[in-house]
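Student: Structure in structure tokens, see below.
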Amino acid sequence: MKKFSNTYIFIYITVLVLVIAVVLTLVTTGLKPRRDFNKQAEKCQQILQAAGYNGLDRQKSVELFAKVAEKTSTDSIEQYKIVCSDGTTGKAVRLDGKGLWGAIWGYVVISEDGTTIKGITLDHKSETPGLGAKITDETFLNAFKGKKLYDKDGKFVSVRVLKPGTSAEISAENRVDAISGATITSRGVDEMMRTLSH
Amino acid sequence: MKQYLGPLSKDNPILVQTLGVCSALAVTAQLKPAVIMALSVTVVCACSNFIISLIRNTIPPRIRIIVQLLVVSFFVILVDQVLQATLYDISKMLSVFVGLIITNCIIMGRLEAFALSHKPLPSLLDGVMNGIGYGLVLVVVAFFRELLGSGTLWNHQVVPDSWYAAGYLNNGLMILPPMALILVGVMIWAKGSLNHSTSRS
């Protein structure tokens with residue numbers, strides 16, 4: 001076996017690291033616009049879906065989003081004014097929370113008077129497939145449509161995500177059924193919805 | 001030629017050498033991510049085999065593992081970036097598992113066992129074959145998990161609606177990792193007893 005001096009090893013590894021670092025930096029910078037576009041397009045798609053526009057691909061989403069939505073975000077909350085698919089105006093608000101394994105987030109579209117949910121989309125980083133990941137299922141999301149954020153006395157209760165049969169004091173129009181087997185993720189969605197008070 | 005065909009069956013990285021099992025369990029709930037994952041591993045395995053083989057005489061043995069890791073992670077980051085830019089949905093589905101290709105024992109194993117002692121072209125071929133051997137198992141596992149777990153293949157529904165109407169239910173267990181472990185286990189067992197009986201005769 002050849003003998004390699006320490007100087008050789010030191011120079012060898014330095015050059016190798018430098019070469020790899022430079023190439024990777026070039027590639028990452030070169031692809032950045034496309035990655036950013038994908039992220040942005042996905043956001044548009046999710047907000048539009050919450051507003052009732054279904055079956056749009058990314059490219060179309062971005063175009064439509066530019067037409068119907070307008071950014072009204074404040075420093076702390078990301079929100080948009082948006083014309084929904086049924087022609088009414090609503091406001092889309094970004095939600096952030098935590099599930100069982102990682103972050104969960106979504107967009108909720110609320111009617112102009114701020115009382116009724118028009119639609120919602122949720123997404124997650126790493127919830128369990130078949131259990132927590134079901135928060136992205138249409139059946140779960142559709143349950144939110146038409147629910148009220150305030151109770152009959154005009155007090156804010158948000159739309160609670162609760163196990164069927166518990167907390168009977170909360171009326172049907174202020175609650176949706178939690179996903180069985182996904183208690184923690186459901187609780188995460190519940191807490192996220194409660195942040196809508198401000 | 002025979003030694004290159006080994007990874008496909010007799011010397012399969014997952015079934016015989018039981019390497020790379022972790023990712024085989026994680027990304028096989030559906031066919032599409034499984035195929036993309038298999039392609040990614042094949043690309044990384046072949047390219048790093050090729051590069052390491054090219055520079056094998058210049059690598060100081062004392063730091064060879066570090067050099068291998070550098071080359072492997074270079075290709076993994078490259079694949080990850082390209083996936084994020086072109087196949088965004090898939091890259092989201094594969095999430096951390098693309099990054100974890102770095103730790104896939106198949107790749108380091110091939111570098112140590114083959115690339116360091118062979119010429120570049122044979123090494124490239126060896127990498128491709130091992131990637132395919134790994135991919136085959138992934139595709140078989142994903143086929144059964146998607147078919148029985150979601151009633152779809154490549155995101156197209158194959159179980160007819162009439163079955164669901166008649167009371168057929170998707171097997172929810174199939175979507176979860178434990179069932180993948182059982183499937184891979186059964187395959188390893190079948191392969192093992194098959195190999196055993198041929199070596200006896």
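None of the figures in this text is laboratory data; all of them are computed from the coordinates on show. Keep in mind it's a predicted model, so treat the numbers as computed, not measured. Backbone-built Cβ (ideal geometry, glycine too); neighbour counts: all protein chains shown.
Student: As a check on your grasp of the helix formula, calculate [θ] at 222 nm for chain A: sum -39500 (n - 2.57) over DSSP H runs of n ≥ 4, divide by the residue count, round to the nearest 500. Mind showing how you got there, number by number?
Tutor: Values: 4 runs with 73 residues, N = 198.
The helix-only estimate for chain A comes to -12500 deg cm²/dmol at 222 nm.
Student: Can you give the angle from 0 to 90° between the axis of helix B:31-54 and the longest principal axis of chain B, with both taken from C-alpha atoms, to the nearest 10?
Tutor: In chain B, helix B:31-54 runs at an angle near 10 degrees to the longest axis.
Student: What angle, in degrees between 0 and 90 and rounded to the nearest 10, separates the Cα long axis of helix A:183-194 from the longest principal axis of the Cα atoms of chain A?
Tutor: So the inclination is approximately 70 degrees.
Student: Only helical DSSP H runs with n ≥ 4 go in: add -39500 (n - 2.57) per run for chain B, normalise by residue count and round the 222 nm mean residue ellipticity to 500 deg cm²/dmol.
Tutor: Numbers: 10 runs with 137 residues, N = 201.
Mean residue ellipticity, 222 nm, calculated: -22000 deg cm²/dmol.
Student: Another one. Kindly rank A:89-96, B:171-178 from highest to lowest mean number of other beta carbons found within 10 Å of each residue. Can you show the working numbers first?
Tutor: Values: A:89-96: 19.0, B:171-178: 15.8.
Result, highest mean first: A:89-96, B:171-178.
Student: Given a Förster radius of 35 Å and the C-beta distance between A:F10 and A:Q40 as r, what FRET efficiency does 1/(1 + (r/R0)^6) yield to the nearest 0.05?
Tutor: 0.20
Student: Another question, if that's okay. Can you tell me the convex hull volume per residue for region B:11-200, based on C-alpha atoms, in Å³ to the nearest whole number? Before the final figure, lay out the partial values.
Tutor: On the way: hull volume 24.8 nm³, N = 190.
Per-residue hull volume (Cα only) is 130 Å³.
Student: Another question, then. Just want the answer: with Cβ charges of +1 for Lys and Arg and -1 for Asp and Glu, which residue in A:Y8, A:S167, B:I188 is farthest toward the dipole's positive end in the protein assembly as shown?
Tutor: A:Y8
Student: Still on this structure, please answer the following. Suppose every K and R has +1 on its Cβ and every D and E has -1 on its Cβ; what is the size of the dipole of region B:11-200 about the Cα centre, in Debye to the nearest 20? Can you show the working numbers first?
Tutor: Details: 10 positive and 7 negative charges, 105 e Å.
Its charge dipole is roughly 500 debye.
Student: Just counting partner chain Cβ atoms within 10 Å, what average do the residues of peptide B:80-88 show around their Cβ? Walk me through the numbers before you get to the answer.
Tutor: On the way: counts 1, 8, 3, 1, 7, 11, 4, 1, 8.
Taking all residues of B:80-88 together, the mean is 5.
Student: Which FRET efficiency value, to the nearest 0.05, do you get for A:V19 and B:N57 by plugging their Cβ-Cβ distance into 1/(1 + (r/R0)^6) with R0 = 22 Å?
Tutor: Values: r = 18 Å, r/R0 = 0.81.
E(calc), rounded to 0.05, equals 0.80.
Student: Please find the FRET efficiency linking A:L26 to B:D161, where r is the Cβ-Cβ separation and R0 is fixed at 56 Å, and quote it to the nearest 0.05. Intermediate results must be reported in sequence, preceding the final value.
Tutor: On the way: r = 51 Å, r/R0 = 0.90.
Computed FRET efficiency for A:L26 and B:D161 comes out at 0.65.
Student: Follow-up. Could you work out, residue by residue across A:8-15, how many beta carbons of other chains sit within 10 Å of that residue's beta carbon, and then give the average as an integer?
Tutor: Working: counts 2, 7, 2, 0, 6, 6, 0, 0.
Per residue, the average neighbour count from other chains is 3.
Student: Is region B:161-201 rounded, prolate or oblate when judged by the Cα gyration tensor, a ≥ b ≥ c being the square roots of its eigenvalues, rounded requiring a/c under 1.5 and prolate requiring a/b larger than b/c? Write down the numbers at each step before the final one.
Tutor: Values: a/c = 7.66, a/b = 2.48, b/c = 3.09.
Oblate, because a/c is 1.5 or more while a/b does not exceed b/c.
Student: For B:65-72, what's the mean count of beta carbons from other chains sitting within 10 Å of each residue's beta carbon?
Tutor: Details: counts 0, 4, 5, 0, 0, 6, 2, 0.
Rounded to a whole number, the mean comes out at 2.
Student: Please give the Cα centre distance for region A:4-61 versus region B:1-18, rounded to the nearest Å.
Tutor: 34 Å
Student: Which net charge results for the neighbourhood of A:D113, defined as the other residues with beta-carbon distances under 14 angstrom from its beta-carbon, given Lys and Arg at +1 and Asp and Glu at -1? Let's see the in-between values first.
Tutor: Details: positive: A:K81, A:K91, A:K118, A:K148; negative: A:E112.
So the environment of A:D113 carries a net charge of +3.
Student: Using a ≥ b ≥ c from the Cα gyration tensor of region A:69-197 (square roots of the eigenvalues), is it rounded, prolate or oblate, where a/c under 1.5 gives rounded and otherwise the larger of a/b and b/c decides, a/b for prolate? If you can, show how the numbers build up before the last one.
Tutor: Values: a/c = 1.75, a/b = 1.22, b/c = 1.43.
It is oblate, given that a/c is not under 1.5 and a/b is not larger than b/c.
Student: Out of the chymotrypsin sites (Phe, Trp or Tyr not before Pro) in region B:116-201, which ones are loop residues according to DSSP with at most 16 other C-beta atoms within 10 Å? The partial results should precede the final answer.
Tutor: Details: sites: B:Y134, B:F143, B:F144, B:W154, B:W163, B:Y164, B:Y168, B:W189; in loops: B:W154, B:Y168.
Those satisfying the criteria are B:W154, B:Y168.
Student: Report, in degrees rounded to the nearest 10, the 0 to 90 angle that the Cα long axis of helix A:6-50 makes with the longest principal axis of chain A.
Tutor: With both axes taken from Cα atoms, the answer is about 20 degrees.
Student: Moving on to the next point. Just to confirm my numbers, what's the Cα centroid distance between region B:19-37 and region A:87-161 in Å?
Tutor: A separation of 31 Å, based on Cα centres.
Student: Most exposed first by the Cβ proxy, i.e. fewest other Cβ within 10 Å, how do A:M193, B:M187 rank?
Tutor: Working: A:M193 24, B:M187 18.
So the residues, fewest neighbours to most, are B:M187, A:M193.
Student: As I understand it, the dipole of chain A uses +1 on the Cβ of Lys and Arg and -1 on the Cβ of Asp and Glu, about the Cα centre. Which of A:T29, A:Q79, A:A103 lies farthest toward its positive end?
Tutor: A:T29
Student: Take the Cα coordinates of the protein assembly as shown, assign each an equal point scatterer, and use the Debye formula without solvent to give log10 I(q)/I(0) at q = 0.06, 0.14, 0.15 Å⁻¹.
Tutor: Rounded to two decimals, the profile gives -0.34, -1.23, -1.32.
Student: Over region B:1-105, what number does the Rg to Rh ratio reach, with both radii from the alpha-carbon atoms and Rh per Kirkwood?
Tutor: Values: Rg = 14.8 Å, Rh = 14.9 Å.
With Rg and the Kirkwood Rh in hand, the quotient comes to 0.99.
Student: Relative contact order, percent, of region A:69-197 when contacts are C-alpha pairs under 8 Å separated by at least 6 residues?
Tutor: Values: 262 pairs, mean separation 25.4, N = 129.
The normalised contact order for region A:69-197 reaches 20 percent.
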